[in-house]
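Notes follow once the structure below has been shown.
Derivation of every value follows stated rules applied to the coordinates shown; laboratory data play no part. In this text the structure is predicted, and so the values were computed from the model without any measurement. No Cβ is skipped: glycine too gets one built from the backbone with ideal geometry, and neighbour counts run over all protein chains shown.
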Amino acid sequence: MRNADEVLLVIDVQNDFMPDGALGVAHGDEVVPVINRLARGFSHVVLTQDWHPASHVSFAANHPGRKPFEMLTLPYGEQVLWPTHCVQNTAGAALHAGLDIPHARAVIRKGHHVQVDSYSAFLEADRKTPTGLAGYLRETGVRRVWCCGLATDYCVAWSALDARTAGFEVALIEDATRAIDLNGSLAAAWRDLLAAGVERVQAADLEA
Ligand code: VGL
Ligand code: ZN
């Protein structure tokens, strides 16, 4: 069992990010058994859910004439336009049924503001609005955050970077993630992660 000051942060293991989902991540389902095993080694596990209103600004369908995976300039910066995904209370937004973490303590839902996306579990895309996760982790005595889930180059990377900025030690468990990899986003994410001091580890490293 890992120390009480370490948390496993399981990001967006939701049906819409599975290979047959609305925003399918290739081999996304393969992280489920790996994460279930990892979670048994942590007394503290926190889950996240991407949790958008149907009218969300990140959906291409809400911008007439625009298509998924195009870019759009918004007041807070450049936004990828995504296929409609993880709409609040839909089956696609539900956690994968095979996720088996009965002792998970908290679920953070993000991306609920109509006009602002939130890849990060800590700070929304306006880079100002906190989700409350940093405060929750500090108040529960967490010092080190282990990140896994979907997708490596979007929600997992942004969460890991913001966890570093918030002052936590951070590791990203590479084989407990899968990537979208849009226009080189995976390589760019790893460049930023390593530069920020995020450790790149494999699930087996935690069992050693
Ligand atoms: C995600 C794109 C849009 C993710 C969420 O979970 O990585 N990616 N919304
Ligand atoms: Zn989303």
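Here residue 67 meets each of (1) closer than 30 Å to residue 142 by Cα; (2) out of contact with any strand residue (DSSP E or B) (no Cβ under 7 Å at 6 or more places or on another chain); (3) of a type in the set (Lys, Arg) with one exception, condition (1). One residue stands out among those in region 181-191 that are touching a residue at least 12 places away in the same chain (Cβ under 8 Å) and exposed (fewer than 15 other Cβ atoms within 10 Å of the Cβ): the one that is farthest from residue 23 (Cα to Cα), which is 188.
The rows are residues; the columns are (1) within 12 Å of ligand 1 (Cβ to nearest atom); (2) within 26 Å of residue 168 (Cα to Cα); (3) in contact (Cβ under 8 Å) with a residue 40 or more places away in the chain; (4) not in a loop (DSSP other than H, G, I, E, B).
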| position | (1), (2), (3), (4) |
| --- | --- |
| 73 | no, no, no, yes |
| 78 | no, no, no, yes |
| 85 | yes, no, yes, no |
| 89 | no, no, no, no |
| 98 | no, no, yes, no |
| 101 | no, yes, yes, no |
| 104 | no, yes, yes, no |
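Do we have any residue at all in region 11-20 that's more than 11 Å from the chain's Cα centre (by Cα), assigned to a loop (DSSP other than H, G, I, E, B), more than 15 Å from residue 180 (Cβ to Cβ) and touching a residue at least 24 places away in the same chain (Cβ under 8 Å)? Within region 11-20, not a single residue is more than 11 Å from the chain's Cα centre (by Cα), assigned to a loop (DSSP other than H, G, I, E, B), more than 15 Å from residue 180 (Cβ to Cβ) and touching a residue at least 24 places away in the same chain (Cβ under 8 Å).
Only residues that are closer than 30 Å to residue 75 by Cα and either in contact with a Pro (Cβ under 8 Å, 6 or more places away or on another chain) or not in a helix (DSSP H, G or I) (or both): list them for region 149-169, please.
Initial filter on region 149-169 (closer than 30 Å to residue 75 by Cα): 149-168.
Within region 149-169, 149, 150, 151, 166, 167, 168 qualify.
Being touching a strand residue (DSSP E or B) at 6+ places or on another chain (Cβ under 7 Å) and aromatic (Phe, Trp, Tyr) holds for only one residue in 136, 154, and it is 136. Residues that are part of a strand (DSSP E or B) and out of contact with any Ser or Thr (no Cβ under 6 Å at 6 or more places or on another chain) were ranked within region 47-69; the one that is farthest from ligand 2 (Cβ to nearest atom) is 47. Kindly check whether there is at least one residue in region 129-140 that is in contact (Cβ under 8 Å) with a residue 40 or more places away in the chain and of a type outside the set (Ser, Thr, Tyr). Checked against the condition, which is being in contact (Cβ under 8 Å) with a residue 40 or more places away in the chain and of a type outside the set (Ser, Thr, Tyr), region 129-140 yields at least one hit. Sub-6 Å Cβ pairs linking a first residue in region 111-123 that is within 12 Å of ligand 1 (Cβ to nearest atom) to a second residue that is polar (S, T, N, Q) and assigned to a loop (DSSP other than H, G, I, E, B), at least 6 apart or interchain, are 111/118; 117/58, ordered by first then second residue. For region 63-71, the criterion of being within 18 Å of residue 23 (Cβ to Cβ), away from ligand 1 (no atom under 12 Å from the Cβ), loosely packed, with under 15 Cβ neighbours inside 10 Å and aliphatic (A, V, I, L, M) is satisfied by at least one residue.
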